[in-house]
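Where a number appears in this text, it was derived from the coordinates with a stated rule and is not lab data. As the structure is a computational prediction, the values presented were derived from the model and not from experiment. Positions of Cβ are backbone-derived with ideal geometry, glycine not excepted, and every protein chain shown enters the neighbour counts.
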Amino acid sequence: MTKQIKNAEIICVGTELLLGQIINTNAAWLARSLSDLGISSYYQTVVGDNRARLLDCLELASHRSDLIVLTGGLGPTQDDITLSVAAEFCGQSLMLHEPSRDKIAGYFKKLGRHQVTDNNWKQAMMPRDATVLENNNGTAPGARLSYEANGKTTHLVLLPGPPSEMRPMFNESVKPWLANLTATRLRHLFVRMIGIGESAAETQLLDLIEQQQNPTLAPYASEGEVVFRITQFLNDDSDPDLTQEMLEQVKARLGTYVYEVGERKMPEVVKDLLTEQGQTISFAESCTAGLAAATLAEYPGASRVLTGGLVAYDNRVKNQMLGVSQMTLDHEGAVSEACAIEMATGCRDVFKTDFAVSITGIAGPEGGTAEKPVGTVWLAVASQKGTSSRKLQMGGNRERVRRVSVLNAFDLIRRQILS
């Protein structure tokens, strides 16, 4: 098969995206997935549910991109126009795709809904020459079709909007097809660090970042941590791995800050460490109000290590349920090393876990003092080995203070486990 796709354009369809009612995570995920296949994404567009504007987007994209990936607008309602507009753009009529109709009927029957409203059958109307992409996680099938103009072929891929449907459809039906239409591949390696600022890390690696050779090194902005991406351009999947030599140079300079080489983020690293050692954890949270426990619970298998958590916003909860002494609260205050340590030890006693972590601080925007300004946070971890604590002093808004506090709490746990 001719290898012809070098660049792609992503068009996300939906007025709700333009209004900010839904965060557009599809574009970022697709861009990463296309990059892994060696396909560059030079343009991303968000367009509302408007026929004329979507046609304009397709016309512009067809002149500058080999592949157009559209997400959203495949559903049953009147404003779901992507299929009909794409068919119009490619000069094709819509026709009933019987296998899709049968699958939609079976989907609703499985839900116990034997009366299906007529607008649902709209999802089974496909462009005449399209390759239909099966949806194993919803009702709206996707489609793949081509547009020929001025001696150039542009491929269109239409995917549903919900990420739970879009991502598996891309991986199952689109990715294997694209792999046969690309001449290059990209090998990525992510180096994740904590405990050093982005500017300081970049300064240490500047000569590697600026060199124009394969592989390349690039910094990524990431809240509370530093991420570097090593990328190797491959002409063939059998090309030798050149990323390891670059990785060794990075680790030689900044290895003490590296906590992961790969895709895992800090909470998942901690979850895996606890799982490997058959250990459990609990949380006592004040300013983060359960965010740390919720973050850990996002990862499959968390139930094997997460025993429970307690939101101890009020000092009475700290005192009566976690055993923080009144003397500590009166003389040191709720935002103090002593309080954090007593919260962690009390939490471990309550939940009978191997590790317990506490977070107490001032997230703002009010509540700060000259001695303890907004952004002051104390963390502590208690285990059979004893306790360890860390003080954070951060700038930024309330959300940033809470998120960075959670990230550092997991780092403190990680270090306690590995010690």
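State the answer as a single residue: which of S383, S303, Y313 lies farthest towards the positive end of the charge dipole of the range 266-418, with beta carbon charges of +1 for Lys and Arg and -1 for Asp and Glu, about the Cα centre.
S303
Please list, short to long, the whole-number percent of alpha-carbon pairs of the range 185-261 in consecutive 5 angstrom bins beginning at zero.
3, 16, 29, 25, 14, 8, 3, 1
With an 8 Å Cα cut-off and a minimum separation of 6 or more residues, compute the relative contact order for the chain in percent. Intermediate results must be reported in sequence, preceding the final value.
Values: 805 pairs, mean separation 44.0, N = 419.
Taking the mean separation of contacting Cα pairs over the length of the chain, I get 11 percent.
Give the lysines reachable from K318 as a straight Cα distance under 21 Å; neighbours fewer than 8 places away on the same chain don't count.
K352, K372, K391
Quick one: R398, R414, fewest Cβ neighbours within 10 Å first, how do they rank? Walk me through the intermediate numbers first.
Details: R398 15, R414 20.
Ordered by Cβ neighbours within 10 Å, fewest first: R398, R414.
Among I196, I5, which comes first, then next, by fewest other beta-carbon atoms within 10 Å?
Details: I196 16, I5 22.
Ranking I196, I5 by Cβ neighbours within 10 Å, fewest first, gives I196, I5.
For a Förster distance of 30 Å, can you work out the FRET efficiency between the beta-carbons of T77 and Y43, rounded to the nearest 0.05?
On the way: r = 28 Å, r/R0 = 0.92.
My answer for the efficiency is 0.65.
In deg cm²/dmol, rounded to 500, what helix-only [θ] at 222 nm does the chain give when every DSSP H run of at least 4 residues adds -39500 (n - 2.57) and the total is split over its residues?
My calculation for the chain gives -10500 deg cm²/dmol from helical runs alone.
Once you keep just the Cα pairs under 8 angstrom separated by 6 or more residues, what percentage relative contact order results for the range 7-179? Before the final figure, lay out each step's value.
Working: 304 pairs, mean separation 38.1, N = 173.
Relative contact order here is 22 percent.
Sorted from fewest to most neighbouring beta carbons within 10 Å, what does the list F351, F228, F283 look like?
Working: F351 20, F228 26, F283 32.
Least to most surrounded, the residues fall as F351, F228, F283.
Once each part is reduced to its C-alpha centroid, what is the distance from the range 373-408 to the range 1-34 in angstrom?
Between the Cα centre of the range 373-408 and that of the range 1-34, the gap is 36 Å.
I'd like the GluC sites (Glu not before Pro) in the range 263-304 restricted to DSSP loop residues with at most 10 other Cβ atoms within 10 Å, sorted by number. Walk me through the intermediate numbers first.
On the way: sites: E263, E268, E276, E285, E298; in loops: E263, E298.
Within the range 263-304, the qualifying GluC sites (Glu not before Pro) (loop, at most 10 other Cβ atoms within 10 Å) are E263.
Report, for the range 7-179, the % of DSSP beta bridges that are antiparallel, rounded to 5. Please list the in-between numbers first.
On the way: 13 of 30 bridges.
Antiparallel bridges: around 45 percent, rounded to the nearest 5.
Which three semi-axes in whole Å describe the equivalent ellipsoid of the range 284-372, each the square root of 5 times a Cα gyration tensor eigenvalue, listed largest first?
Details: eigenvalues 114, 51, 16 Å².
After scaling each eigenvalue by five and taking roots: 24, 16, 9 Å.
Quick check: the angle from helix 98-110's long axis to the longest principal axis of the chain, C-alpha only, nearest 10 degrees?
Tilt relative to the chain: about 40 degrees.
Explain nothing, just the number: dipole magnitude of the range 266-418 about its Cα centre with +1 on each Lys and Arg Cβ and -1 on each Asp and Glu Cβ, in debye rounded to the nearest 20. Walk me through the numbers before you get to the answer.
Working: 16 positive and 16 negative charges, 35 e Å.
The calculated dipole for the range 266-418 is roughly 160 debye.
Please get the size of the charge dipole for the chain, origin at its Cα centre, with Cβ charges of +1 on Lys and Arg and -1 on Asp and Glu, quoted in debye to the nearest 20. Before the final figure, lay out each step's value.
Numbers: 41 positive and 48 negative charges, 125 e Å.
Using only the charged Cβ atoms, the result is roughly 600 debye.
Which one, P127, F233, Q416, projects farthest toward the positive side of the charge dipole computed for the chain from Cβ point charges (K/R +1, D/E -1)?
In the chain, that residue is Q416.
How big is the Cα convex hull of the range 71-138 in projection, averaged over all directions, in nm²? Write down the numbers at each step before the final one.
Numbers: hull surface 18.7 nm².
Orientation-averaged projected area of the Cα hull: 4.7 nm².
Quick check on packing: order 290-297, 48-55 by the mean number of other C-beta atoms within 10 Å, highest mean leading. Display every interim value, and only then the final one.
Working: 290-297: 20.0, 48-55: 15.6.
Ranking the peptides 290-297, 48-55 by packing returns 290-297, 48-55.
Rounded to a whole number, what is D in µm²/s for the range 1-145 from Stokes-Einstein with the Kirkwood radius over alpha-carbon pairs (25 °C, 0.890 mPa s)?
So the translational diffusion coefficient is about 151 µm²/s.
Pairing the Cα long axis of helix 26-36 with the longest principal axis of the chain, what angle in degrees results, from 0 to 90 and rounded to the nearest 10?
Here the helix axis deviates by roughly 80 degrees.
Among DSSP beta bridges whose residues both lie in the chain, state the antiparallel percentage, nearest 5. Let's see the in-between values first.
On the way: 47 of 74 bridges.
Among the beta bridges of the chain, antiparallel pairing accounts for roughly 65 percent.
Does anyone have the angle between helix 243-254 and the longest principal axis of the chain? Alpha-carbon axes, 0 to 90°, nearest 10?
30 degrees
Please quote Rg/Rh for the chain to two decimal places, taking the Kirkwood radius as Rh and restricting both calculations to Cα atoms. Don't skip to the answer; put the middle values down first.
On the way: Rg = 26.1 Å, Rh = 24.8 Å.
Expressed as Rg/Rh, it is 1.05.
To one decimal place, what orientation-averaged projected area in nm² is obtained for the convex hull of the Cα set of the range 266-418?
Working: hull surface 31.9 nm².
Its average projected convex-hull area is 8.0 nm².
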